[in-house]
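Read-outs: derived from the displayed coordinates by stated rules, not from any lab. Just so it is clear, the model here is predicted, and its values are computed rather than measured. Every residue, glycine among them, receives a Cβ derived from its backbone with ideal geometry; neighbour counts consider all protein chains shown.
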Amino acid sequence: MKQMQGLDAAFVAFERPNTPLHIASTIIYDPSTAPGGFVRFKDILRFIESRIHLAPSMRQRMVRVPFGIDYPYWIEDPDFDIEYHVRHAALPKPGDWRQLNILAARNFSRPLDLSRPPWEIMVVEGLDKIPGVPKGAYAMMTKVHHSAIDGASGVDLMHALHTLSPEPEETKRKPRWRPDRVPNQVGLFAKGYARSFTIPLRQIRAFAQTAPGLAKVAVGTAKGDYSVKDLMSTPRTRFNDAVSPYRVVDGQSFKLSEVKAMRKLADGATVNDVMLSIVGGAMRNYLLSKDELPEETLAAFAPISVRDDKERNTMGNQVAAMRAPLGTHIDDPVERMSFVQAETKKSKSVTNAVGARKMTEISKNNPALYLGLGARLFSQFGLANRMKPFFNTIVTNVPGPPVPIYSAGAKMVSIYGMVCLIDGMGLGHVIHSYCDDITVTATADREAMPDPEFYASCLKSSYDEHLAALKDVAGEAA
């Protein structure tokens with residue numbers, strides 16, 4: 001039995017019917033590489049079952065403490081049933097890209113059962129009319145609660161459920177699995193009540209560790225290196241109100257080599273800067289079409305992993321955050337890229353000054369009772385509609401393997417990610433790289449974005465603008 005950390009518990013506390021807090025992905029596979037050239041559902045089920053010991057979190061469920069007086073615990077689920085978590089479906093004909101995204105959005109909108117290990121996989125057949133997808137391909141729609149996983153640990157989970165070869169791997173002897181007994185609720189309450197008296201001491205210790213970093217930020221602000229004004233000037237958009245329970249999903253796939261080449265558009269730019277600039281261009285074009293583009297730049301919430309090697313294959317979140325201005329007020333992609341690169345450099349310096357790891361440690365000591373109460377009040381009183389936003393969207397970059405990987409012998413063709421939304425944050429982007437491709441997928445509140453296909457075209461247009469700018473720069477250099 002292991003207790004959740006503060007950020008993990010926050011994802012549980014903030015879960016509401018309109019804001020299910022899980023992350024997901026749609027992964028497409030080519031079964032022609034598998035032994036025999038095809039894969040049956042029972043082959044997938046058997047494959048996952050044979051490797052589930054490599055991802056221990058998949059058999060763990062949460063146990064809440066009475067009255068929310070303390071953080072929940074993870075236990076080995078005595079009632080674990082893999083057939084509950086792995087399901088089978090098919091797209092109606094013709095089985096095109098739009099239908100796949102509709103199913104992904106509907107599946108994503110449905111909350112997970114938190115009385116069981118918080119994950120599901122839906123195997124989806126009937127993808128024959130999707131351009132670029134091999135005939136006979138199928139998809140796996142994965143869904144995992146954010147209290148159990150972050151982007152980096154999601155990569156660990158991906159590795160556990162895939163192999164580097166289509167041929168069956170020889171697995172080492174599996175460790176014997178022992179389920180836990182469900183703990184006594186009275187005992188949990190007493191333990192949580194006693195633990196609550198130590199919270200002030202732990203908070204003082206955590207703040208003391210971050211004090212030198214906060215002092216650096218204060219000095220930098222006084223010198224003009226950092227700007228608090230920028231944080232307070234984030235404009236409100238249609239994506240920054242309370243969200244409905246319904247989601248839409250769509251995305252684009254680009255060539256990773258072209259994205260890497262686009263780094264030449266700004267000195268010192270990274271792939272992440274390029275993708276932030278592309279997202280900024282897409283949001284600019286979308287809001288311009290609605291006659292709603294603010295004069296000030298929009299800004300993204302960009303998670304940063306602080307997970308180290310010792311924390312591989314462990315549950316929970318080890319993330320800090322960075323504010324990333326998107327340059328939506330700039331039309332020219334080269335100028336926007338330079339702006340994004342300069343601003344993210346400043347944001348990284350602030351995060352480094354405080355210490356990303358130390359910021360995460362502070363979140364582990366928030367009082368559980370107040371955390372739950374604050375979450376309920378935030379939702380009940382619609383505070384997202386009244387507060388000025390600090391961020392307009394989420395942009396999270398999850399690097400994938402540079403070589404092909406396989407599940408039950410089927411080659412992974414592409415991956416599209418989905419991110420949970422909360423009140424005040426009705427649009428999120430997940431960037432995934434895999435082999436020669438990079439995908440960007442938008443998850444949005446259906447009321448804020450009733451036309452996800454158009455937003456996907458805005459992403460493509462923004463990418464094309466950057467590619468054209470790159471060709472112009474190359475032509476000038478020649």
Taking neighbour Cβ counts within 10 Å as the exposure measure, how do ASP273, ASP43, ASP331 sort from fewest upward?
ASP331, ASP43, ASP273
Just to be sure I understand the curve: with the Debye formula and one point per C-alpha of segment 36-141, what is log10 I(q)/I(0) at q = 0.10, 0.23 Å⁻¹?
-0.39, -1.24
Table column - 3J(HN,Hα) (Hz), segment 47-57, Karplus curve with 6.51, -1.76, 1.60, x for Gly and Pro:
5, 4, 4, 6, 10, 5, 5, 7, 10, x, 5
So for segment 411-478, considering every pair of alpha-carbon atoms, how many percent are separated by more than 21 Å?
42
Inter-part distance where segment 15-71 and segment 75-127 are each reduced to a Cα centre, Å:
9
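If contacts are Cα pairs under 8 angstrom and at least 6 residues apart, what is the relative contact order of segment 2-192 in percent?
Numbers: 283 pairs, mean separation 62.3, N = 191.
Normalised by residue count, the contact order of segment 2-192 is 33 percent.
What is the order of GLU15, GLU292, GLU76, fewest Cβ neighbours within 10 Å to most? Write out the running numbers ahead of the final one.
On the way: GLU15 22, GLU292 11, GLU76 17.
Ascending Cβ contact count within 10 Å gives the list GLU292, GLU76, GLU15.
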Taking only the alpha carbons of segment 2-192, the radius of gyration and the largest Cα-Cα distance, Dmax, both in angstrom, are 18.4, 58
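Treating the beta-carbon of each Lys and Arg as +1 and of each Asp and Glu as -1, no other charges, what is the dipole magnitude of segment 2-192 about its Cα centre, to the nearest 20 debye? Show your work: numbers first, answer last.
Details: 25 positive and 22 negative charges, 54 e Å.
Taking the Cα centre of segment 2-192 as origin, the dipole is about 260 debye.
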Order these by the 10 Å Cβ neighbour count, fewest first: ASP79, ASP250, ASP464.
ASP79, ASP464, ASP250
Where in segment 106-136 does the label zone of GLU258 land, with the point 7 angstrom along Cα→C-beta and an amide N cut-off under 19 Å?
131-133
